[in-house]
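K.L.:
I'd like to ask you about the structure that follows.
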Amino acid sequence: MRLSQYFMPILRDDPKEAEIVSHKLMLRCGMIRQEAAGSYSWLPLGLRVLRKIEQIVREEQNRAGALEVLMPTIQPADLWRKSGRYDAYGKEMLRIKDRHDRDMLYGPTNEEMITDIFRQGVQSYKELPRNLYHIQWKFRDEVRPRFGVMRGREFLMKDAYSFDLTREAGQHSYNKMFVSYLKTFARMGLKAVPMRAETGPIGGKDSHEFLILADTGESEVFLDSTFHDMDWSTFEIDYDNVDAVAKVVDEFTSKYAATSEMHDQADYEKRVPADRRVTGRGIEVGHIFFFGTKYSEPLGAVVQGPDGKMVPVQSGSYGIGVSRLVGGIIEASHDEAGIIWPEPVAPFKVGLINLKVGDADTDAACEKLYKALETRGVDVLYDDRDERAGAKFGTMDLIGLPWQVIIGPRGLKDGIAEVKNRKTGERENVAIDQLVARFAT
Ligand code: ATP
Ligand code: MG
């Protein structure tokens, strides 16, 4: 992409309405634009990040055996009356009437609809287990939408739903999602600590929230510092191996970690030596629940068991805040100059800076490199604007692409470009003809 042809409305100054750094930076970079309280348009740069996060979530869900579907945002109220949640949900649910005066709602979550889809499609225990998920916009009329995409009213969520014959089988489905969450967040450069959680309006027995640590998080957290020493990303897992999956869950739940709602100071002091106690704030990026037959019973999602009897299925639901993660990653990874994208979610991998637009040789060298990188499938943003070098450096640092390649007449004489690592700030001189091989991996 050529910056001269891009739509990236950069703000020079910090927007007054933004209280936290991720919100400020997303507005300054032109990633999003607010349309109403808690509702945003995603502009090209922001949308690229959202899509990358979404794709990582999708790949890890698929790997764990979940199947992607897509349910509508607008749901009929009748299903929710059956579960009793139409009245129970409160003002956060946006209720709508269609032209025939039928009650509809903008889905805040999808337990009812997916349970009904499952009910129609599966009759026998032989077709179990199943896990269905979608990545879809939700609406919750939050009391206090704030912090940009972190607490929106309309937001993108991945929500998965598992269906099993027995409690034990359901536990394995729950554990698989637990492990896939560790993998998912690790791929984005995050350590999202699983913490035992309350089940809230979803209801149920077992629940964990996944939180990333950040000063601006809305939850107070208490944890054992040895969480940092665990293997978050490189462990291999066979999702069909019940014991192996359970073992990972055991490892990650054996250490103390709790939000203030579940925190038990006496237990904390007993289990964690004083020098390992970390108290701070966290952002909830995922939440998993096991709720048994809470929805299958009222909605009649029964299957025929091996003994011929019809039994309601055992279910869980598993959410990831896809749009919240965009802000969450920025909270976890930035400096005074701007965002520092972890490579897997970066909107572009390389920012190519032409230091002297109009100089025939520099233009030609940049063009050639730009085209070669594009041809090899490397995401590159080429700053081909006729601007001061300082402004170009500032913009590249602000939008936080992992690598900057800087080409100007001086280095070009020797066939050299400067490569800057945004995260470490390290700069090195690299032969221009080696750059394609270096980035096209
Ligand atoms: P919170 O406690 O932050 O209000 P929740 O517990 O109500 O969230 P869940 O029902 O667990 O939310 O939803 C699953 C995930 O969706 C959450 O872990 C979070 O990452 C994301 N999420 C929930 N509400 C919002 C929101 N208003 N804006 C952005 N993301 C959200
Ligand atoms: Mg939650």
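K.L.:
Report, to the nearest 10°, how far helix 242-254 tilts away from the longest principal axis of the Cα atoms in the chain, using its own Cα long axis and a range of 0 to 90°.
P.N.:
Helix 242-254 sits at roughly 70 degrees to that axis.
K.L.:
Rounded to the nearest 10 Å², what accessible area does His23 have for a 1.4 Å probe in the complete protein model?
P.N.:
Its accessible surface works out to 10 Å², give or take rounding.
K.L.:
Using a Förster distance of 30 angstrom, determine the FRET efficiency expected from the C-beta separation of Arg63 and Asp379, and round it to 0.05.
P.N.:
FRET efficiency, Arg63 to Asp379: 0.85.
K.L.:
At a 1.4 Å probe radius, carbon and sulfur cover how many percent of the accessible area of the chain?
P.N.:
48
K.L.:
Gain in length, Lys368 to Asp243, computed as 0.36 nm per residue apart minus the alpha-carbon separation, to one decimal in nm?
P.N.:
Fully extending the segment from Lys368 to Asp243 adds 39.7 nm.
K.L.:
If I stretch the segment between Met310 and Val357 completely, what's the gain in nm (0.36 nm per residue apart, minus their alpha carbon distance), one decimal?
P.N.:
This chain segment gains 9.6 nm when fully extended.
K.L.:
From the Cα gyration tensor of the stretch 1-126, with a ≥ b ≥ c the square roots of its eigenvalues, which class applies: rounded if a/c is under 1.5, or else prolate if a/b is larger than b/c, or else oblate?
P.N.:
Oblate is the answer for the stretch 1-126, as a/c is 1.5 or above yet b/c matches or exceeds a/b.
K.L.:
Quick one: if the Förster radius is 45 Å, what FRET efficiency do Ser225 and Ser4 give, using the C-beta to C-beta distance and rounding to 0.05?
P.N.:
It comes out at approximately 0.40.
K.L.:
Between Glu127 and Asp433, what FRET efficiency follows from the Cβ-Cβ distance if R0 is 56 Å, with the result rounded to 0.05?
P.N.:
Here the calculated transfer efficiency is 0.50.
K.L.:
For a label point 7 angstrom out from the Cα of Val143 toward its Cβ, which stretches of the stretch 203-235 have the backbone nitrogen within less than 19 Å?
P.N.:
So the set is 203, 217-220.
K.L.:
Right, next: What lysines sit close enough to Lys356 to cross-link, taking a C-alpha to C-alpha distance under 17 Å and skipping anything fewer than 8 places away on the same chain?
P.N.:
Within reach: Lys368, Lys392, Lys413.
K.L.:
For the chain, take the longest principal axis of its alpha carbons; what is the angle in degrees between that and the long axis of helix 389-399, to the nearest 10 within 0 to 90?
P.N.:
The two axes meet at around 10 degrees.
K.L.:
Here's a follow-up. Distance from the Cα centre of the stretch 236-291 to that of the stretch 37-59, in angstrom?
P.N.:
Centre-to-centre distance over Cα atoms comes out at 28 Å.
K.L.:
For the stretch 12-169, what is the accessible area per residue in Å² when the probe is 1.4 Å?
P.N.:
Result: 48 Å² per residue.
K.L.:
Across 10 Å bins from the origin, how do the percents of Cα pairs in the chain run, short distances first?
P.N.:
It works out to 4, 19, 26, 23, 16, 8, 3, 0, 0, in whole percents.
K.L.:
How much accessible area per residue does the stretch 239-319 have, counting only protein heavy atoms and a probe of 1.4 Å, in square angstrom?
P.N.:
The answer is 48 Å² per residue.
The values are calculated or read from the model by the stated rules, or taken from the named source; none is laboratory data. In this text the structure is predicted, and so the values were computed from the model without any measurement. All Cβ positions, glycine included, derive from the backbone under ideal geometry; neighbour counts span all protein chains shown. SASA here: full protein model, heavy atoms, side chains in, ligands and nucleic acids out. Shrake-Rupley method; radii C 1.70, N 1.55, O 1.52, S 1.80 Å.
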